[in-house]
Amino acid sequence: MSEVSEIPIREKNIVLIGFMGVGKTTVGQLVAKKLYRDFIDIDKEIEKIYGMPITEIFKKVGEAEFRRVEKEFIVNICNHQTLKIISLGGGAYLQEEVRKACLSKCIVYFLDLSWESWKERLPLIIDSRPVLQNKTLHEIEDLFFKRRRAYSLHNSKISTNNMDAETIANNIVESIKFAWDIYQPQGE
Ligand SMILES: Nc1ncnc2c1ncn2[C@@H]1O[C@H](COP(=O)(O)OP(=O)(O)O)[C@@H](O)[C@H]1O
Ligand SMILES: O=C(O)C1=C[C@@H](OP(=O)(O)O)[C@@H](O)[C@H](O)C1
Ligand SMILES: [Mg+2]
């Protein structure tokens, strides 16, 4: 397959990044529906490849191999597909190649949630996020703030505190339509 180059903004993939549990998967699905686009959740695709959930992949295959497959999968989609809504896993964007591919070929939205709000969500996600297991709350807090450096490389930031998924998705749709109209007005 040949590489996609000079992608018109209206056709670019939209990529959601941010820490585990901020709502990338939930919101991504809603954005895809609202924009009549296909949704790709990278974790779900990797689970399909291995035929097991992420927690099992980490146990049986190991994190290093998971990261290698994750990177290859994302870079390949960025280089060869358009018009998709893509939710990354929270750790994917720490890899430089992933950041470069996303920023050069897609529009990257950072879902921002405060540490205080995020802490309330921990019980919902702890069992399915191996990276959070066997860590103290302090260690998780360190990781939360350390990762913000990578997430600061984005095209747009959406603050999500005290907002339900539907509202966040509506904000993204509104923001993207605004960008489309500025950079590629309809009829051009
Ligand atoms: N805006 C929101 N408000 C409250 N809970 C949410 C919101 N978005 C997602 N959730 C919940 O938080 C958990 C993690 O959401 P998920 O979409 O899997 O996040 P991510 O993909 O970023 O890890 C799920 O239980 C989901 O139902
Ligand atoms: O941040 C991470 O290192 C991870 C985030 C998870 O995805 P979500 O961000 O969708 O929870 C999943 O990819 C895996 O458990 C590792
Ligand atoms: Mg997810």
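The values are calculated or read from the model by the stated rules, or taken from the named source; none is laboratory data. Here the structure is a predicted model, which is why all the values come from computation and not from measurement. Cβ: placed from backbone, ideal geometry, glycine included. Neighbour counts: every protein chain shown. All accessible areas refer to the heavy atoms of the entire protein, side chains included, with ligands and DNA or RNA removed. Shrake-Rupley method; radii C 1.70, N 1.55, O 1.52, S 1.80 Å.
Across all directions, the average flat footprint of the convex hull enclosing the Cα atoms of region 109-186 is 6.4 nm².
Largest first, how would 103, 137 line up by accessible area (1.4 Å probe)? Intermediate values should be presented prior to the final figure.
Details: 103 65, 137 85 Å².
My answer, sorted largest first, is 137, 103.
Report the extension gain between residue 71 and residue 128 in nm, rounded to one decimal, defined as 0.36 nm multiplied by the number of residues separating them, less their alpha carbon distance. Spell out each step's value before the answer.
Values: separation 57, 0.36 × 57 = 20.52 nm, distance 2.03 nm.
Full extension from residue 71 to residue 128 adds 18.5 nm.
Shape annotation for region 65-108: C-alpha extents along the principal axes are 28, 16, 15 Å, from largest to smallest. Peptide packing: for 92-99, 11-18, the average count of neighbouring Cβ atoms within 10 Å per residue gives the ranking 11-18, 92-99, highest mean first. Report the Stokes-Einstein translational diffusion coefficient (µm² s⁻¹, integer) for region 93-145, Rh taken as the Kirkwood radius over Cα pairs, at 20 °C with viscosity 1.002 mPa s. Taking Rh from Cα pairs, D becomes 164 µm²/s. Can you pull the percent of Cα pairs in the chain with separation above 25 Å? That tail contains 33 percent of the Cα-Cα pairs. Split the accessible area of the chain by element, probe 1.4 Å, and carbon with sulfur accounts for 49%.
Label zone (residue 138, point 7 Å along Cα-to-C-beta; backbone nitrogen cut-off 19 Å) within region 102-128: 115-116, 119. Here the dipole of the chain is about 140 debye; that uses its Cα centre as origin and unit charges on the Cβ of Lys and Arg (positive) and Asp and Glu (negative).
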